[in-house]
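> Sharing a structure with you now.
The values are calculated or read from the model by the stated rules, or taken from the named source; none is laboratory data. Note that this is a predicted model, so its numbers are computed, not measured. As a convention, Cβ positions derive from the backbone with ideal geometry for all residues, glycine included, and neighbour counts pool all protein chains shown.
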Amino acid sequence: MAWRWRLGEVLGIVIYAHVTYLLLIGWFALGPILAGAGAAAALQAVFFILLLFACIVAHEYGHALMARRFGIRTRDITLLPIGGVARLERMPRDPRQELFVALAGPAVTAGIAAALCVLGYALAGRSFPAMIGPDSPVLLGRLVFANVLILLFNLLPAFPMDGGRVLRALLAQRMEYVRATRMAANVGQLMAFLFGLWGLLNGQPFLLFIALFVYMGAEAEAQMVQVQESFRGLPVRRAMMTRFVTLDVEDPLSRAVQGLLSSSQQDFPVMAGESVAGLLTRRNLLAALHEQGPAAPVAGAMQRNVPPIDANAPLEETFQRMQTDEVAALPVTEMGRLVGLLTMENIAEFMMIRSALDGAPLPPAEVSEPTQTIHERAGWTRQRGMQI
């Protein structure tokens, strides 16, 4: 995810702040100043928003730590103006586990609100409930109100928010997972429409923004689950490219340029003898050309932390890994030998072909010898070998 800054790491999970979150802090600071309330009021407003987002981070850690109990890793947590986003490697396919993960965040928020109420009672006595509200002069009162609002908002059945995931988990206990996801997404999109209508009629542009986020998120989630379901039970070898260009660690970048211009391949496995040494991506190639020129060796520009995937590995899990790690391509090996290249482009084409066939059987495509690469046999013309 671009345009974000690392804030730190807690319990093995990295926390980022998106640039728009910093703009939100600036807006909270500028409001009191423009209203003539002075610098002290501006500092109080910034302190309040920082405390609120600390509560939101705790909410996201509720999801992350519950997911960890089920063996699911959290890549990071990013703070946005609309809240926080915990990037899990995947959501549990077990509906009960998903239910626990979805409810863990709201449970933390409810616990924070309760703890703040106890603190408020200890400080202000029985008068504290009257101090709870959005315009309360007491910081604790505003913070309790904000956490209750976050709790209620997140429990709305607006997929892919927490309440929508709870709905999907409950539906998935009674029906097929893809259908449950589509139904939850439809409910989420209906909620998004209501958010947008309310925001439009009441002049609240922030609600319109939330409505757009929920609507697009629901549709993206439904499509993603459908894609993953179509990959279920298939190995990586079914979608990999079997004819492609490879480079040697001692090749100059000009050889990669030749392959890039004369074919549609954008990512190149880099070999050191018979072993995969790394992967040269289009982005790294262009950056190295600008900084070092076409005579520079490929070894200096390639990515070395791209472990190959086995040809018999599950395609569904590999696809999730590529998305989570933001990897565009992976070398595919079998018994230590390079036999293919798996790219996001090839996965998308594989999915479209399967969708066009609509379940109709197709004879396996002929697969060329895996150890032969195109630049060894037929210049730089790229071909594909794919089994549907």
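> Just to check your reading of the model, which residue among G71, G26 is exposed (fewer than 13 other Cβ atoms within 10 Å of the Cβ), on the phi > 0 side of the Ramachandran plot and free of Cβ contacts under 8 Å to residues at least 40 places away in the same chain?
G71
> Against the conditions (1) of a type in the set (K, R); (2) surrounded by 18 or more Cβ atoms within 10 Å (Cβ to Cβ); (3) over 29 Å from the mean Cα position of the chain (by Cα), where does R126 fall short? Just the number, please.
The single condition R126 does not satisfy is (2).
> Which of the residues belonging to segment 130-144 are under 15 Å from F47 (Cβ atoms) and surrounded by fewer than 13 Cβ atoms within 10 Å (Cβ to Cβ)?
P137
> Still on this model: For segment 29-46, give me the residue count where each residue is surrounded by 12 or more Cβ atoms within 10 Å (Cβ to Cβ), in a helix (DSSP H, G or I) and small (G, A, S).
Residues that pass the stated criteria total 5.
> So, G278, is that one touching a Lys or Arg at 6+ places or on another chain (Cβ under 9 Å) and modelled with pLDDT of 85 or more or not?
Considered against the rule, which asks whether it is touching a Lys or Arg at 6+ places or on another chain (Cβ under 9 Å) and modelled with pLDDT of 85 or more, G278 comes out as yes.
> Every residue in segment 87-102 that is surrounded by fewer than 21 Cβ atoms within 10 Å (Cβ to Cβ) and part of a helix (DSSP H, G or I), please.
Scanning segment 87-102 gives P95, R96, Q97, L99, F100.
> Which count do you get for residues in segment 277-325 that are touching a strand residue (DSSP E or B) at 6+ places or on another chain (Cβ under 8 Å), over 27 Å from M91 (Cβ atoms), small (G, A, S) and buried (at least 16 other Cβ atoms within 10 Å of the Cβ)?
The qualifying residues number 4.
> For segment 47-68, enumerate the residues that are free of Cβ contacts under 8 Å to residues at least 40 places away in the same chain and surrounded by 15 or more Cβ atoms within 10 Å (Cβ to Cβ).
I49, F53, M66, A67, R68
> Mind checking which helices (runs of 4 or more DSSP H) fall wholly inside segment 244-326 and carry at least 2 residues that are over 27 Å from L234 (Cα atoms)?
Result: 253-262, 282-292.
> Given the structure, is L156 surrounded by fewer than 22 Cβ atoms within 10 Å (Cβ to Cβ) and outside any loop (DSSP other than H, G, I, E, B)?
no
> Now a separate question. Using beta carbons and a limit of 6 Å, which pairs, at least six apart or on different chains, have the first residue in segment 273-284 and within 13 Å of A299 (Cβ to Cβ) and the second one surrounded by fewer than 20 Cβ atoms within 10 Å (Cβ to Cβ)?
These pairs meet every condition: A277/V249; G278/Q303; G278/R304; L279/Q303.
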